[in-house]
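All remarks here apply to the structure that follows.
The values are calculated or read from the model by the stated rules, or taken from the named source; none is laboratory data. Owing to the predicted nature of the structure, the values given are computational and were not obtained by experimental measurement. As a convention, Cβ positions derive from the backbone with ideal geometry for all residues, glycine included, and neighbour counts pool all protein chains shown. In case anyone asks, the SASA skips ligands and DNA or RNA and just uses the protein heavy atoms, side chains included. Shrake-Rupley method; radii C 1.70, N 1.55, O 1.52, S 1.80 Å.
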Amino acid sequence: MPHVASIGTYLPCWGTPDRRVPGDDEDAITLAVEAGRAALSSGGSVERVVLVSRDLPLLESSNAAVLLAGLGLDPELEVDERLGGAPATLDAVSSARPRTLIIGVDLDPAGAAAILTAESGLAVRTAARVARSLPVRTRSVGGVVHDYGDPRLLHERGLMASLAEAWLDTPVLVAGVDHDKAAQLCVGEPARLPTVGASSSLFALAALAESDTIGPLVAVEQASLSGITVARGEAQLHRRERAARPMPDGVVTPGAELAISLAAYERAFEAKVRWEAGKYADSDELDFPPRYRVGGDCALATDYELVPLPRTGTVYTEVTVQIPVPGLRTPYSLVIVELDGVGVRALVKVTGAEPGSVDIGDRGQLVLRRIAVRSGVPDYGYAFEPDADGAALEGAA
């Protein structure tokens, strides 16, 4: 029987209270990192990572390296990337070994949630699994979507038929459907979930843990169903869910795409995505970005080690760019951030705040974001997210 030790959730700040949208610099991997870091903020070791989404940025190659780097985990860990919705995530939970980090991510509506399993905590056990074929909505390998457009068929021959076949007790919460439909199927008034895809199962688990509710939790997608029974136990809950606000006005200027240099991308990857500086053994100074040095004997020194940088800091100076830049929403703000306690300043873009709203002296966190897409390759780095109302968000350390 798996046990859930901690749960982390993340919602982008843009959109409405009922429907969040990702920022221009957010994708499934940056959302997964936010939720995963929240789940890991209580501590605990990780031996395996499972990422479930239908919005993975790379279907050729792998997203594992960026995911592990952003989470600060060992690059040798096993990462299982699964294409799927709410039932796929719940399947991963019901079969998880201890010390497994499971992350579900969605982009429409946007949100991510993660759990860390352990030998003790909130107990769950498999209750049902039904696999039936009713391909009401399909997407080809080229991204073409075909929607059969029959909600009654989906309800009667999909959701209701699968629930009947599962022989489950009345659920306490249903993930994967809109709230009104879930309310018709559940005991009492179920919690309102912010997503309906892969992350909705874990948002549901967070809601049950928060309200100390036990009973069947069901996840559905078209005609597929997975169910678990949530039993007694405690899980630490860490939510990164700022209040929703409208996306700022801006203009995206078309222009020539900058080609990527994969050699430069690979050389800078570890330091940039893991947020690390270079340190030479004979010096206490940190170099960011890391760089080679020429000694007094004119010999080139390349033997620095990478050390983690703090992810909190203070705005040293700021500027808002009004001139249109191809590929970027304009205006946007840049800041030089003085990182806490290391004597390092970093030039980064501002995220999660309206352009021009960040001032000198403001506090905040450095968070992983997609800084560009070059030659079809997502390029990741860090951005400055100002503290909400002057207070650091839970799980940001």
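Evaluating 6.51 cos²θ - 1.76 cosθ + 1.60 at θ = phi - 60° for every residue in the range 59-67, the Karplus couplings come out as 9, 8, 6, 8, 9, 5, 4, 5, 4 Hz, glycine and proline recorded as x.
Put the Cα centre of the range 279-295 next to the Cα centre of the range 182-216 and the gap is 50 Å. Cα centroid separation, the range 26-85 to the range 95-142: 13 Å. Shown for the chain: the carbon plus sulfur share of the solvent-accessible area, taken with all protein chains present and a 1.4 angstrom probe, equals 52%. Summed over the residues of the chain and divided among them, the accessible surface reaches 47 Å² per residue at a probe radius of 1.4 Å.
Structural size metrics of the range 144-246, computed from C-alpha coordinates, are Rg and Dmax of 14.6, 44 Å. In this simple spin-label approximation, residue 253 and residue 293 carry label points 7 Å from Cα along the Cα→Cβ vector, and these lie 4.0 nm apart. If the segment from residue 83 to residue 375 were pulled out straight at 0.36 nm per residue, it would be longer than the present Cα-Cα gap by 102.8 nm.
Between residue 354 and residue 231, the C-beta separation translates, for a Förster distance of 51 Å, into a calculated FRET efficiency of about 0.70.
As I understand it, the dipole of the range 217-371 uses +1 on the Cβ of Lys and Arg and -1 on the Cβ of Asp and Glu, about the Cα centre. Which of 230, 259, 341 lies farthest toward its positive end? Farthest towards the positive pole: 230. In terms of its Cα atoms, the range 305-387 spans 36, 32, 17 Å along the principal axes, sorted from long to short. The helix-only estimate of mean residue ellipticity at 222 nm for the chain, built from DSSP H runs of length n ≥ 4 each weighted as -39500 (n - 2.57), is -5000 deg cm²/dmol after division by the residue total. Between residue 137 and residue 169, the modelled label-to-label distance comes to 3.1 nm, taking each label 7 Å out from Cα in the direction of the beta carbon.
For the range 102-192, applying the loop criterion from DSSP together with a ceiling of 14 other beta carbons within 10 Å to the trypsin sites (Lys or Arg not before Pro) yields 132, 192. Highest mobility in the GNM of the chain, judged by mean-square fluctuation with C-alpha springs under 10 Å and restricted to 289, 109, 355, is found for 289. Here each label is just a point 7 Å from Cα along the line to Cβ, and for residue 303 and residue 48 those points are 4.0 nm apart.
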